[in-house]
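Only one structure is covered here, and it is reproduced in the block below.
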């Protein structure tokens with residue numbers, strides 16, 4: 001593989017070749033354990049006979065050493081371990097890797113690198129590591145971002161936001177058509193999250209949702225990807241008799257049937273009737289979540305819709321008025337099983353995402369309880385994540401969980417300001433491997449503190465806010481079906497991600513400068529990318545200024561990209 005600095009103009013060629021990485025074109029090295037390709041040097045998964053090509057080594061991802069049992073002498077080397085980082089040329093892998101420690105010596109054909117064994121020549125002979133090394137040596141003073149299309153990751157499902165509780169305000173807005181254009185045409189968004197608010201008397205609310213979905217489909221040119229979640233079952237199905245809860249730890253949960261069992265049958269019937277009602281209004285969600293934030297009860301000072309489910313039916317110890325109480329709760333597993341059975345004969349049955357817990361820490365408990373057959377994707381929220389100190393290990397663990405269960409991972413709800421959204425979206429799709437990123441609020445009719453909705457709606461007008469531009473940078477020049485490829489940042493704190501179109505005739509690179517000082521980087525592409533990507537367009541947002549979604553022309557011949565403090569920049573390449 002060769003890395004190239006970009007000289008971009010109208011039909012300009014790619015020039016300035018860097019040193020080749022010298023990686024072997026076929027597997028060579030040790031054949032150890034029941035997996036005979038383990039620890040071979042590789043360029044892609046094709047070299048690994050069913051294993052993964054991780055940082056140029058045939059191996060597999062892991063969470064603990066028990067998952068490395070097929071590899072003799074292997075341990076699960078965690079992503080932040082100096083050995084894993086060294087094998088990956090200073091870049092932490094997406095999760096733990098099955099590699100042997102050097103304690104008892106290294107097998108023939110491998111060498112000890114920072115305490116772990118890897119194929120001879122690693123990391124210099126791995127595609128990503130060699131590209132980074134070449135890029136570092138090519139320019140002595142300018143930090144760079146190298147896009148390596150030979151390393152491919154998840155397929156994009158979409159970027160978007162939620163339309164819950166605001167359907168009436170959108171449909172009734174006096175400048176509705178222009179609002180629709182902003183939300184669904186100009187934004188580039190293609191994924192939206194709806195609330196299941198079905199109950200007696202909800203026909204008008206459901207009709208409005210259908211109008212909004214129709215407007216989105218018309219402007220996008222195809223139906224958007226629709227998620228549907230339930231903020232709460234109807235009041236009749238709740239133990240407290242209300243949708244909203246206010247610290248009611250004993251009763252903010254599913255009601256019981258006359259035989260004193262949790263009424264999963266009625267809960268499943270509610271979902272079936274709801275999906276029928278929404279389908280009649282032209283709304284057919286691709287993915288359904290049976291309960292939002294099932295691990296959480298809204299506090300007394302902030303009443304909200306809610307309904308608690310344990311991962312599996314049982315009891316939990318809670319504190320009420322300084323008393324420790326054992327409370328029985330329904331099981332998410334049992335409820336999902338009932339709902340899935342109730343909707344199985346629909347003409348277009350939805351797929352199910354789980355668990356949509358309020359933060360990453362609870363996800364594993366629910367996924368483990370569900371087992372592999374009862375859900376189709378892992379949905380997470382990032383409310384326990386600080387954009388100023390992102391917990392990469394937690395995101396990597398979530399990605400490893402998705403890999404272990406062979407399910408895609410979606411980030412379906414978060415509230416954050418513009419720059420925070422840009423940062424969190426980057427880490428969610430890179431360290432977390434998320435195929436979708438959705439902000440909680442598509443619109444808001446009130447403003448308080450840092451703007452966290454995409455659009456602020458007033459009685460007569462509307463205005464896009466920071467999160468709108470943050471997600472537009474990711475969404476405007478990508479589409480569902482694009483694949484994330486490696487983008488390695490060297491000598492800089494710039495956050496870089498890159499997406500390649502299925503026909504490889506378009507590439508979008510998203511760069512975020514989270515720091516308080518301006519930066520500049522040189523943008524490098526390797527030879528695995530089509531050399532016909534001769535056109536480019538730069539778009540930039542500086543969150544603390546009035547520069548939002550500004551078009552900055554084509555990439556200069558020196559391939560230098562200017563990133564002001566607190567900014568996000570998209571470089572969109574297209575073919576002639």
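The values are calculated or read from the model by the stated rules, or taken from the named source; none is laboratory data. As the structure is a computational prediction, the values presented were derived from the model and not from experiment. For neighbour counting, all protein chains shown are included, and Cβ atoms are generated from backbone atoms with ideal geometry for every residue, glycine included.
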Please give the number of the condition residue 50 fails out of (1) exposed (fewer than 14 other Cβ atoms within 10 Å of the Cβ); (2) at pLDDT 85 or above. (2)
Does residue 429 meet the test of being touching a helix residue (DSSP H, G or I) at 6+ places or on another chain (Cβ under 6 Å) and closer than 30 Å to residue 542 by Cα? no
Take residue 226 and tell me if it is in contact with a strand residue (DSSP E or B) (Cβ under 7 Å, 6 or more places away or on another chain), at pLDDT 95 or above and farther than 28 Å from residue 437 by Cβ. no
Quick one: is residue 353 more than 13 Å from the chain's Cα centre (by Cα) and touching a residue at least 60 places away in the same chain (Cβ under 8 Å)? yes
Please specify each residue of the range 243-263 satisfying the condition of being more than 31 Å from the chain's Cα centre (by Cα), buried (at least 16 other Cβ atoms within 10 Å of the Cβ) and not in a loop (DSSP other than H, G, I, E, B). 262
Among the candidates 242, 269, 261, which residue alone is in contact (Cβ under 8 Å) with a residue 24 or more places away in the chain, out of contact with any strand residue (DSSP E or B) (no Cβ under 6 Å at 6 or more places or on another chain) and more than 24 Å from residue 360 (Cβ to Cβ)? 269
Any residue that is surrounded by fewer than 20 Cβ atoms within 10 Å (Cβ to Cβ), modelled with pLDDT under 95, out of contact with any helix residue (DSSP H, G or I) (no Cβ under 6 Å at 6 or more places or on another chain) and outside any loop (DSSP other than H, G, I, E, B) - is there at least one of those in the range 350-361? yes
When you go through (1) in a loop (DSSP other than H, G, I, E, B); (2) surrounded by fewer than 16 Cβ atoms within 10 Å (Cβ to Cβ); (3) at pLDDT 95 or above one by one for residue 178, which number turns out not to apply? (1)
For residues that are more than 16 Å from residue 366 (Cβ to Cβ) and touching a strand residue (DSSP E or B) at 6+ places or on another chain (Cβ under 6 Å), scanning just the range 325-348, find the one that is surrounded by the fewest Cβ atoms within 10 Å (Cβ to Cβ). 326
Flagged in the range 522-553 as closer than 18 Å to residue 475 by Cα and part of a strand (DSSP E or B), in numbering order, are 536, 537, 538, 539, 540, 541, 542, 550, 551
Residue count, the range 445-456 (criterion: under 23 Å from residue 227 (Cα atoms) and at pLDDT below 95): 1
For the range 59-80, name all the residues that are more than 17 Å from residue 404 (Cα to Cα) and either buried (at least 22 other Cβ atoms within 10 Å of the Cβ) or without any contact (Cβ under 8 Å) to a residue 24 or more places away in the chain (or both). 74
Which condition from (1) under 11 Å from the mean Cα position of the chain (by Cα); (2) buried (at least 22 other Cβ atoms within 10 Å of the Cβ); (3) within 17 Å of residue 154 (Cβ to Cβ) is the one that residue 413 breaks? (3)
Given the criteria more than 16 Å from the chain's Cα centre (by Cα) and in a strand (DSSP E or B), does residue 496 qualify? no
Scanning the range 280-305 residue by residue, the ones that are crowded, with 16+ Cβ neighbours inside 10 Å and closer than 22 Å to residue 213 by Cα total 11
Here's a check for you: in the range 153-168, which residue that is assigned to a strand (DSSP E or B) and out of contact with any helix residue (DSSP H, G or I) (no Cβ under 9 Å at 6 or more places or on another chain) is surrounded by the most Cβ atoms within 10 Å (Cβ to Cβ)? 162
So, in the range 95-129, how many residues would count as being at pLDDT 70 or above and at negative phi? 22
Look through 394, 387 and report the one residue that is in contact with a helix residue (DSSP H, G or I) (Cβ under 6 Å, 6 or more places away or on another chain), assigned to a helix (DSSP H, G or I), on the phi < 0 side of the Ramachandran plot and not assigned by TED's automatic domain parsing to the domain that holds residue 486. 394
